[in-house]
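Q: Here it is: the structure, laid out below.
Every read-out reported here was derived from the displayed coordinates using simple, explicitly stated rules and does not represent laboratory data. Since we're looking at a predicted model, the values are computed, not measured. Neighbour counts run over all protein chains shown; Cβ positions are idealised from the backbone, glycine included.
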Amino acid sequence: MRVLIIGGTGIISTACTGLAVSLGHDVTVLNRGQRPLPPGVRSLVADVHDETAMASAVADRTWDVVANFLAFSGEDVARDIARFRGRIGQYFFISSASAYQRPVRHYLITESTPLANPLWDYSRAKIAAEETLLRAHREFGFPGVTIRPSLTFGDTQITLAVNSWTKSYTAVHRMRQGRPVIIPGDGTSLWTITHNTDFAKGLVGLFGNVQAAGHAFHITSDEVMSWDQYYAAVAHAAGVAQPNFVHIASDFITTCAPEMTGSLQGDKSTSVVLDNTKIKRFVPGFVCTVPFAAGIARTMAWFDADPARRQVDETADALYDRIIAAYETGLAAARRVAQDRAGH
């Protein structure tokens, strides 16, 4: 099949591009051309925000599949609908599992769980994009499919509840120095983290399935662990025998750092288990085969292979120190209150 992937070099899309090529698809990647592409991939260079450049790059080409990893709003999706209408077999919008109802009303999430997230602008924009896509399917049969990944990682990123996204070695740097590392809540909330190569099996497995049009799917691992277990697995992969973990309530963290409200309280602070029954029904061969412990060991090997990769986000690092200091100050005050009460 002729496949156009818009983006194609991010954590998730890189794995999807590679798998599509390995399965014999004719793959074209459209992006700004700033990162190398795997062998066998055609390249179109354009900024997705430059309408003239996009029109020139896409021209009158047709594709069996278009998957856009760089659409974040209803406006983005509306432009794609106008651009590709009548010229493609399938259109995949990459949404987010953070679009599901927050606060969580039930720990088990299915594709029919309501979409509502008052805590994160990012999620609300994704919801608006999903609604735009579904409306186009209902009104004139646009072959849109919504994909909702949850937290996903690969060989080049260490994914945790509280960590720098752009320089994800930061948490491991703190672990290896013996400095405290924040785990939200009491560490027992359940979560699912999926390896990008496993996610790719689900997405690419839907290519060419005409029955998927109008549907939404989340694609995640069936492995469910607590945040304590995820952090411990990272520490083990980093060779840290006794990591210094500190548990801090999510609302305390976001009071100190309001910019973290969306990604923490709007996504990762409560137990979430995603039911993968639907993607398995549409892609019978879908099964995740990379446990987090094995995947994060590969990730650490990638970081340790080159010191230049072990970048620390100094701003985030300093922020974590301030949050921990504030927490310890409050904890000390609470202990004094307890001692005073005991003295009476």
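Q: Which one, 70, 140, 154, is farthest towards the positive end of the dipole of the chain when Lys and Arg carry +1 and Asp and Glu -1 on their Cβ?
A: Final value for the positive-end residue is 140.
Q: Still on this structure, I have one more. Please report, in debye to the nearest 20, how large the charge dipole of the stretch 71-332 is about its Cα centre when each Lys and Arg carries +1 at its beta carbon and each Asp and Glu carries -1 there. Spell out each step's value before the answer.
A: Values: 24 positive and 25 negative charges, 146 e Å.
Dipole size: approximately 700 debye.
Q: Between residue 2 and residue 209, how high is the FRET efficiency from 1/(1 + (r/R0)^6) when r is the Cβ-Cβ distance and R₀ = 25 Å? Nearest 0.05.
A: Numbers: r = 16 Å, r/R0 = 0.63.
Working from the Cβ atoms, E equals 0.95.
Q: Now for a separate question. Contact order normalised by length for the stretch 128-261, with contacts defined as Cα pairs under 8 Å and 6 or more residues apart; what percent is it? List each step's numbers first, then the result.
A: On the way: 173 pairs, mean separation 44.4, N = 134.
Result for the stretch 128-261 is 33 percent.
Q: Just to check I understand the Karplus step: with θ = phi - 60° and J = 6.51 cos²θ - 1.76 cosθ + 1.60, what whole-Hz values come out for the stretch 97-105, glycine and proline as x?
A: Residue by residue, the stretch 97-105 yields 5, 5, 6, 5, 3, 10, x, 5, 9 Hz.
Q: Also, I was wondering about something else. In the set (i) 17.7; (ii) 16.8; (iii) 18.8, which value of mean projected area of the Cα convex hull in nm² was calculated from the structure you see?
A: (iii)
Q: In deg cm²/dmol and to the nearest 500, what is the mean residue ellipticity at 222 nm of the chain if only DSSP H runs of at least 4 residues count, each as -39500 (n - 2.57), divided by the residue total? Before the final figure, lay out the partial values.
A: Working: 11 runs with 136 residues, N = 344.
Roughly -12500 deg cm²/dmol at 222 nm, from the helical runs in the chain.
Q: How would you rank 274-287, 221-234, 105-118, highest first, on the average number of other Cβ atoms within 10 Å across their residues? Kindly include the intermediate steps, with their values, before the conclusion.
A: On the way: 274-287: 16.1, 221-234: 19.4, 105-118: 14.4.
Ranked from most to least packed, the peptides come out as 221-234, 274-287, 105-118.
Q: Now for a separate question. I'd like the FRET efficiency for residue 75 and residue 333, computed as 1/(1 + (r/R0)^6) with the beta carbon distance as r and R0 of 35 Å, rounded to 0.05. Write down the numbers at each step before the final one.
A: On the way: r = 48 Å, r/R0 = 1.38.
So the FRET efficiency works out to roughly 0.15.
Q: If you take the charge dipole of the stretch 71-332 about its Cα centre, with +1 on Lys and Arg Cβ and -1 on Asp and Glu Cβ, which of 331, 185, 305 is farthest toward its positive end?
A: Of the options given, the answer is 305.
Q: In degrees, nearest 10, range 0 to 90: what is the angle between the Cα axis of helix 314-343 and the longest Cα principal axis of the chain?
A: 40 degrees
Q: For residue 35 and residue 304, what is the calculated FRET efficiency with R₀ set at 25 Å and r taken between the beta-carbons, to the nearest 0.05?
A: Numbers: r = 22 Å, r/R0 = 0.88.
It comes to 0.70.
Q: While we're here: Using a 10 angstrom cutoff on alpha carbons, build the Gaussian network for the chain and name the most mobile of 151, 319, 133.
A: 319
Q: Among 246, 90, 43, pick out the residue whose Cα is farthest towards the positive end of the charge dipole of the chain, where Lys and Arg carry +1 and Asp and Glu carry -1 on C-beta, about the Cα centre.
A: Farthest along the dipole direction, towards plus: 90.
Q: Relative contact order for the chain: what percent, with Cα pairs under 8 Å and sequence separation of 6 or more? Display every interim value, and only then the final one.
A: Numbers: 623 pairs, mean separation 63.6, N = 344.
RCO, the chain: 18 percent.
Q: Taking 0.36 nm per intervening residue step and subtracting the Cα-Cα distance, what contour gain separates residue 270 from residue 322 on full extension?
A: 16.4 nm
Q: Roughly how many nanometres apart are two label points built 7 Å out from the Cα toward the Cβ at residue 249 and residue 138?
A: Placing both labels 7 Å beyond Cα along the Cβ direction yields 4.1 nm.
Q: Quick one: check the C-alpha center-to-center distance for the stretch 168-208 versus the stretch 1-68, whole angstrom.
A: 26 Å
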